[in-house]
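Input: a single structure, listed below in structure tokens.
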Amino acid sequence: MGLLDQVAGQVLGGLTGGGGGGQADLLKIVMSLIQGHEGGLGGLLGKFNQAGLGQQAASWVGTGANMPLSGDQLQSALGADAIGDIAGKLGMSAGDASGALANLLPGLIDQLTPQGQVTEGDALSQGLAGLAGKLLG
């Protein structure tokens, strides 16, 4: 479980010093966004490609440095309704929710694609479930 340990450590490191429970809720939402999106991780990345953010998305999957993502860019890829739903679940404004998601999503996708390849199906589900258990359980 080396990969899961590495992902858990890096995600936890990025969440320390934050709001505790709010950060856990944010992580749960990001993970459900990846798992529940039509087409899985590949489908989610396709949304970024359609929004003209393919270069950023490719950097998160690739083995080089991750390009940043702004809250506005995230909203253009996922849509205002999706961001509004997420904000409601987190109990924060849409701007704050999109900013928080934009900070977390590139690193999480990067860690889920360590060899520069998108993992789908059971392997992705198992990876996310293991990560959720370590971080939230």
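Only the coordinates and a few stated rules stand behind these numbers; no lab work does. Values in this document were obtained by computation on a predicted structure and should not be read as measured data. When we count neighbours, we look across all protein chains shown, and the Cβ atoms used for this are built from the backbone with ideal geometry, even at glycine.
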Förster radius 41 Å - calculated FRET efficiency between GLN117 and SER93 (Cβ-Cβ, nearest 0.05): 0.70
Most exposed to least, judged by fewest other Cβ atoms within 10 Å, VAL118, VAL30 sort to VAL118, VAL30
Overall dimensions of segment 27-113 by Cα: Rg and Dmax, Å: 11.8, 34
For segment 96-101, in residue order, the Karplus 3J(HN,Hα) values (coefficients 6.51, -1.76, 1.60; θ = phi - 60°; whole Hz; Gly and Pro = x) are 5, 5, 5, x, 5, 5
Descending packing, highest mean Cβ count within 10 Å first, for 52-62, 96-106 is 96-106, 52-62
